[in-house]
1. Any chance you could count how many residues in the stretch 1-31 are part of a helix (DSSP H, G or I) and touching a helix residue (DSSP H, G or I) at 6+ places or on another chain (Cβ under 6 Å)?
2. Return the total of residues in the stretch 51-70 being under 15 Å from LYS30 (Cα atoms) and surrounded by 15 or more Cβ atoms within 10 Å (Cβ to Cβ).
3. Pairs, please: C-beta under 7 Å, at least 6 apart or cross-chain, first residue assigned by TED's automatic domain parsing to the domain that holds PHE72 and in a loop (DSSP other than H, G, I, E, B) and in the stretch 37-49, second surrounded by 12 or more Cβ atoms within 10 Å (Cβ to Cβ) and of a type outside the set (Lys, Arg)?
4. Of all residues in the stretch 50-84, which are of a type in the set (Phe, Trp, Tyr) and in contact (Cβ under 8 Å) with a residue 40 or more places away in the chain?
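The values are calculated or read from the model by the stated rules, or taken from the named source; none is laboratory data. All of these numbers come straight from a predicted model, not from anything done at the bench. For neighbour counting, all protein chains shown are included, and Cβ atoms are generated from backbone atoms with ideal geometry for every residue, glycine included.
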Amino acid sequence: MFFEEKLDLVLTKLEETQELLELFIPDLRKKRHVATFLGITEQSINNWLKDADSPIEQGIHYCINGRGDIEFVPTFIIALKRYGGYKNRRESKKEILTEDVVPANNPHTQKILQKIGRISSREETPKGEVL
């Protein structure tokens with residue numbers, strides 16, 4: 001086999017695989033299918049649509065059609081899943097909040113802060129002023 005024949009064979013196999021894959025990809029223009037594809041609930045998408053700090057944006061990930069219905073853009077939904085950043089957003093916000101918290105030397109204050117999750121539980125505390 002010549003190089004060109006092998007390349008043509010690879011291209012035809014790739015096209016066949018792509019056609020087969022298109023049969024199994026859901027229609028990502030509806031909210032229900034997008035929720036299933038991303039592995040989240042429809043209520044999460046509803047919350048994202050209301051939230052200003054959302055991983056999806058109007059005009060990019062979705063648009064409103066002439067009837068007033070929300071229609072998602074499949075290309076950008078696939079990119080959202082590929083690059084992530086839409087799951088566990090609370091944990092990343094929690095990490096940002098706990099970075100600049102000063103640990104307390106007072107044991108009672110430390111217990112209160114541990115309960116609300118502001119500092120981790122550790123035995124030693126740095127020496128300094130008591131809060």
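1. Within the stretch 1-31, the first condition is being part of a helix (DSSP H, G or I), and the residues that meet it are 3-24, 31.
Next cut, touching a helix residue (DSSP H, G or I) at 6+ places or on another chain (Cβ under 6 Å) only: 31.
Result for the stretch 1-31: 1.
2. Residues that pass the stated criteria total 4.
3. THR41/ALA35
4. Going residue by residue through the stretch 50-84, those that are of a type in the set (Phe, Trp, Tyr) are 62, 72, 76, 83.
Result: PHE72, single match.
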